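For reference, the structure discussed in these notes is given below.
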Amino acid sequence: MAKLIKYEIFSTLFVLIIGTLLHFTFELFNQNLLVGTFSAVNESTWEHLKLVFFPSFFTTIIGFFVLGKSQKYIRNKLKGVICALIFIVIFFYTYSGIIGKSFIIIDIITFIISIIISEYVTFKEFFKFKEINKKEFLIYLLAWCILLIFFIIFTFYPPHIQLFKDPITNKYGIISTPLH
């Protein structure tokens, strides 16, 4: 239990710091397409979800090994990350819809709260269930892979719906590249 608590504290701080940095890395690296794959490439809500997803994905891989190849950690972390992503989308569109615009301070607080939610769900789920079987483990790994693929593909080929629209440029995905 102490090892799990320490790791979840590390994971929370890691996701907060790296997620914040990922907001700026695409521009810092001269709009490099590889960096854009896991960094925010515009100001759309979707691209901001990457700031939670990719650092969490990384800490999930590390946590799996640090916590003794715990298969249920993969499941629990997935549940936590999905809760964080859903929270960001629902909260952002609710508050900005009510107020009529978004505020950077509220968006930053939303990001922080989403990470806390993710880590809290991950931690609490650890005590609810026993280890999972190999089939369930593979299903959760597949779900992680599907999310990863969506985040990568939709960076380059986003659906033309509000979630993917940059409110500043009114464009979608990586702009000014041969792929778009």
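Each value in this text was obtained by applying a stated rule to the coordinates, not by laboratory testing. From a predicted model like this one, the values you see are computed outputs, not experimental measurements. Cβ: placed from backbone, ideal geometry, glycine included. Neighbour counts: every protein chain shown.
Table for the structure above
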quantity: The chain: calculated mean residue ellipticity at 222 nm from DSSP helix runs of at least 4, using -39500 (n - 2.57); calculated: -25000 deg cm²/dmol
quantity: Tensor-based shape of the stretch 98-174 (alpha-carbon gyration tensor, a/c under 1.5 rounded, otherwise prolate or oblate); calculated: oblate
quantity: Folded to 0 to 90 degrees: helix 134-156 orientation relative to the chain principal axis, Cα; calculated: 10 degrees
quantity: Positive-end extreme of charge dipole, the stretch 1-151 - chosen from LEU16, THR59, ILE106 (charges on Cβ); calculated: THR59
quantity: Residue order, fewest to most surrounding Cβ atoms within 10 angstrom, among LYS6, LYS165, LYS135, LYS50; calculated: LYS135, LYS6, LYS165, LYS50
quantity: Gaussian network model of the chain, springs between alpha carbon atoms under 10 Å - residue of PHE164, PHE123, PHE65 with greatest fluctuation; calculated: PHE65
quantity: Residues TRP46, TRP144, sorted so that the one with the fewest Cβ neighbours within 10 Å comes first; calculated: TRP144, TRP46
